[in-house]
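The values are calculated or read from the model by the stated rules, or taken from the named source; none is laboratory data. What you see is a predicted model; the values in this text were computed from it and never measured. With ideal geometry, Cβ positions are generated from the backbone for all residues, glycine too; neighbour counts draw on all protein chains shown. Keep in mind that these areas ignore ligands, DNA and RNA; they rest on the heavy atoms of the full protein, side chains included. Shrake-Rupley method; radii C 1.70, N 1.55, O 1.52, S 1.80 Å.
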Number of protein chains: 2
Amino acid sequence: MGESIKGLKRTSGCGEIFESNVGEKVTIMGWVQRRRDLGGLIFVDLRDRSGIVQVIFGEEIDKEAFKKAESIRGEYVLAIEGEVTMRQSPNKDMPTGMIEVLGKSLRIVSEAETPPIYIKEDLDAAEHIRLKHRYLDLRRPDMQRNFIIRHKASKVVRDFLDENGFLEVETPMLTKSTPEGARDYLVPSRNYPGSFYALPQSPQLFKQLLMVSGFEKYFQIVKCFRDEDLRANRQPEFTQIDMEMSFIDVEDIIGLNEKLLQRLWKEVLDINVEIPFKRMTYKEVMDRYGSDKPDTRFGFELQDISSVVKDVEFKVFKDAIDNGGSVRAINAKGCASFGRKEIDKLGEFVKTFGAKGLAWIQLKEGEVKSPIAKFFTEEKLQEIINSLGGEDGDLLLIVADKASVVYKSLGELRLELARKLNLIGKDNKDLNFLWVTEFPLFEYDDEEERYVAKHHPFTMPMEEDIELLDTDRENARAKAYDIVLNGEEIGGGSIRIHDSAIQEKMFEALGFTKESAYEKFGFLLEAFKYGTPVHGGLAYGLDRLVMFLAGTDNIKDVIAFPKNQNAADPMTNAPGEVDNKQLNELAIDILKATETEEN
Amino acid sequence: MGESIKGLKRTSGCGEIFESNVGEKVTIMGWVQRRRDLGGLIFVDLRDRSGIVQVIFGEEIDKEAFKKAESIRGEYVLAIEGEVTMRQSPNKDMPTGMIEVLGKSLRIVSEAETPPIYIKEDLDAAEHIRLKHRYLDLRRPDMQRNFIIRHKASKVVRDFLDENGFLEVETPMLTKSTPEGARDYLVPSRNYPGSFYALPQSPQLFKQLLMVSGFEKYFQIVKCFRDEDLRANRQPEFTQIDMEMSFIDVEDIIGLNEKLLQRLWKEVLDINVEIPFKRMTYKEVMDRYGSDKPDTRFGFELQDISSVVKDVEFKVFKDAIDNGGSVRAINAKGCASFGRKEIDKLGEFVKTFGAKGLAWIQLKEGEVKSPIAKFFTEEKLQEIINSLGGEDGDLLLIVADKASVVYKSLGELRLELARKLNLIGKDNKDLNFLWVTEFPLFEYDDEEERYVAKHHPFTMPMEEDIELLDTDRENARAKAYDIVLNGEEIGGGSIRIHDSAIQEKMFEALGFTKESAYEKFGFLLEAFKYGTPVHGGLAYGLDRLVMFLAGTDNIKDVIAFPKNQNAADPMTNAPGEVDNKQLNELAIDILKATETEEN
């Protein structure tokens, strides 16, 4: 039976005992990292949240403790009273490696079976084992470090926003399903049989209502939910840093958030981030990087050679341009050394993004090699090379297609090149923050055959583009912005429409009738009747932000109890079956008896 | 159409302009609290989160602004540039009442219809109107003050716990239904048809797992959910301040939390709270106050007169004692003046709590009046009076019954007396913090005919009572504690069982087989196999705590978007109907087509 710690008071963390403590009596409590027997002594490495310290038990130190120590095994929980002494053979790899603790008394608080995973850094165990025994996975020091970082990050955000006059206001978790957006998680109502709450995909409507209420500066660190098929680094429940301000414009939000991000990196990692960040419009990032969240840590920018090749007879180029597309290229500087196989692989790669093929020109040892050379005059070929700044040693990679395909395939190709050349590996500690602004207000939804809101239906158009809502939706720009870090979107937001006339125009453009708009967003539109301030905001994905801070590329490393790819938790076996009584009370029935798989 | 604020930058809050700013140019933005026309001038009270300031528009101040100001109505949103000047007729009731702003330019950011409720302090509007137009209700300064208090309270808690080495760790919202406890809110799973997540009633199991993981000090301010019929001041979703610590005992948790509460009142309200708080055992508070959350701001304590009356022939008293009950009384000091009707009312009152009746002895003007006097000798009557410290002017109120009824009815009676005599009204600013300790480990569930855990099945028995788990469950005490403020439980917790042998005994006592215990709590019991620290914790109801800080007795005043008594939100109309497509994807069906009422 486990011993109590009655009468004992912990005096030190295991990782906090140093040379300056030599001669002191300490009481430490923690887990056995390792036990070794050597020359009639028992050496125990004791671990707690603060670190590890070596404890020695011996007949001559304390007979009773020594006797007891013989039963110790890994992961036992111990409470030890001892005396700090200099270590005979110091271990410079351990922060406490200069000292050790002479074990004068020992209580075995809890025994332990052999754990199914090792409690050590950088564990290479299968994910389902780690999730099933998450409480052991979380014992590993690198995991604990991640959650210390997460805690600090949330704290810094709250401190900063509090200092800047923001109020944290909690918005409801049990709210109404809005069919716009991703799939909702539903919660059946007991009071209203046949009715459902939805878990929020974001507090968007509520934070706008708080602006109508005159809260002026709102924020919240809040759980949000999306019932979507899980890609890597997506979780059904995730955490947003959500904020909204009144009486401001784009500049105010950008300025505030640059300071916030600067403070985050400084306080959490002691890294100085320079502000202001770079800014580019959506048009610029698409033209230069083929992506609205470009990784700007390296070059390989896209270049438009449509005007150079517009009059050639090469059908692939000609067709693309004639059909309203373009011909664009990347100059892969210094990549002429790629072999034929490698280049073919890049061709296969762009095809997965819809490109019909990848044309290339290799400038190697004074020669020009290219499967498409035959379609051009020598002068034209040289003109293409020159327009791309091609020099000996370069590899020019060209895609011709409609805009979306050209951007996507070349945008991904430049990332692929960077990975291939190790430009964005773990060694690259650059932090390229970038604001992307002036997003399109609409995007065309091929499936629904109508324009949908790129950001959301409450996004304010740029003042100079308001008239385009009727005439040129394709080119209407929004007061919307994303903050991108090293090619990942970490946050985004917009100024909202505060004027009912513009809001009506917007709904019209999105194909809503007045009635259908009211049906979906009635309470917000109703609220807007009673005096609405100019307002706007931004939301970050906290999980993603913490991934950057913790230096991990796995979202499960920064969520204490994450779900697996099937949105299940192998530890608790959630989701699970429930009693019929529970279903009856909710007036719901299971539609068909499908075998539920083991999760 | 609403004007933009382009080119303007707000310089001051409306409530932050004082004499020291006279002569300055200011740009202010806010809502029109009131507009008056007087002597060719237009006076506008402009309101924002910081307060209200008076603005004057006049032909001679600025012609254009004056012209525009003529269209202003209540709740319009304005942006005004102006100059601060001394006020000719100061208003000492307004913080900004010494000055006014000369309106030099005016933009009407948003017009407003006449709001359905007044935007003013202490509104006396029907609750459903306030909830339906919550965004307007939240505009009222007293409501905004409540949310500023709530924000501050959360901030202080986080600062304090951070300083004390606690990590805020987020636990899942989509988790597993545990049939123990209140009714769960369920969330159907799309990946596993027929399976459900449950929204957490508390993060209890997860926080204990974090202790197994070696996090040592965890906290979280977190939403919890209970699908219960709503009594006053209960909400389906509520917020807990949840904490857990390892390697500690009761004293550590109590000591830390006294400092936390002291800090809260100091930083939020600048009120000094003395620590340590009073402490009483469960036995003491039941005996003295008939309640485990006694209001100790006034007397009227219960007194046991069983031994005095045990040998009398009065059947009511005799039966109670013979059946294992007791006879207890309250000396309502100075209440002899109560008339017969008032006393009868008190009799009716105690009957609602199961008492068969209320015996009384009135000591008025030298006389002893009592309907039960005839059952006693004069000496016995005097002995009863003496034992209760009865003096002329007192009213002695007596209940004889089994313990639970005596406690409940007299406990409620003393509160009723205090309300009647206005001892605990709004004027009573006392803060009586009280720790109630040594709660019973079990309570007998008459319905289930078995002992159930009073706190929860993981609560540690007091060391000296461990053997009572087998022999005397009734009297086994737990290492459980509540913190009570002025008769309300604001938080509670316990030391948990960390030893599997004791845990098994506990489950046995609760009537679980090893299998059924594993079925329900398997993952926690599994976790406990791998080295478990001594641990314990506490959770506060944040909403309730903020009610105290804000001085309101309505929980809806401290939750931005609360639900009504039917767990519905009249503003968004949640819960609502959803598409069949959504239900199909979740493989659920609505059991019977009941008319859903309008919510």
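The figures follow:
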read-out	value
Cα gyration tensor shape of region B:14-110, rounded if a/c is under 1.5, else prolate or oblate by comparing a/b with b/c	rounded
Set of aspartates and glutamates near residue B:581 by C-alpha distance (under 16 Å), chain-local residues within fewer than 8 positions excluded	A:180, A:184, A:227, A:228, A:589, B:589
Peptide A:247-260, shielding by other chains (average Cβ, 10 Å cutoff)	2
When each of A:223/B:217; B:351/B:429; B:318/B:374; B:278/B:318; A:155/A:207; A:25/A:68 is checked by Cα-Cα distance, pairs over 24 Å	B:351/B:429; B:278/B:318
Nm distances between copies for residue A:252, ranked from closest, using label points 7 Å along Cα→Cβ	4.7
Inter-copy label distances at residue A:11 (7 Å, Cα→Cβ; nm, one decimal)	6.2
Heavy-atom accessible area ranking, 1.4 Å probe, most first, across A:231, B:35	A:231, B:35
Anchor residue A:333: lysines whose Cα lies under 17 Å away (excluding residues fewer than 8 positions away in-chain)	A:364, A:369, A:420
FRET efficiency for residue A:419 and residue A:6, using Cβ-Cβ distance with R0 set to 51 Å, rounded to 0.05	0.35
Extension reserve of the residue B:266-residue B:501 stretch, reckoned as 0.36 nm per residue once the Cα distance is removed	80.2 nm
Rounded FRET efficiency, nearest 0.05, which uses the C-beta distance separating residue B:573 from residue A:581 and R0 of 30 Å	0.60
Neighbouring partner chain Cβ atoms per residue of B:134-143, average, 10 Å criterion	5
Residue B:229 - accessible surface, heavy atoms, 1.4 Å probe, Å² rounded to 10	110 Å²
Distance in nm between pseudo-label sites at residue A:231 and residue B:113 (7 Å out along the Cβ direction from Cα)	4.2 nm
Alpha-carbon centroid distance for the pair region B:315-354 / region A:103-137, whole angstrom	60 Å
Shortest-first distances to equivalent copies, position residue A:178, nm, label 7 Å out along Cβ	3.5
Spin-label model distance (nm) - residue B:368 vs residue A:365, 7 Å beyond Cα toward Cβ	12.5 nm
Residue-level accessible surface for residue A:513, protein heavy atoms, 1.4 Å, Å²	70 Å²
Straight-distance crosslink candidates among lysines, where the alpha carbon sits under 20 Å from residue A:120 and sequence neighbours closer than 8 are dropped	A:92, A:132, A:556, B:529
Solvent-accessible ranking of B:455, A:456, largest area first, probe 1.4 Å	B:455, A:456
For chain B: relative contact order, % (alpha-carbon pairs under 8 angstrom, 6 or more apart)	12 percent
Solvent-accessible surface ranking, highest first, for A:462, A:1 at 1.4 angstrom	A:1, A:462
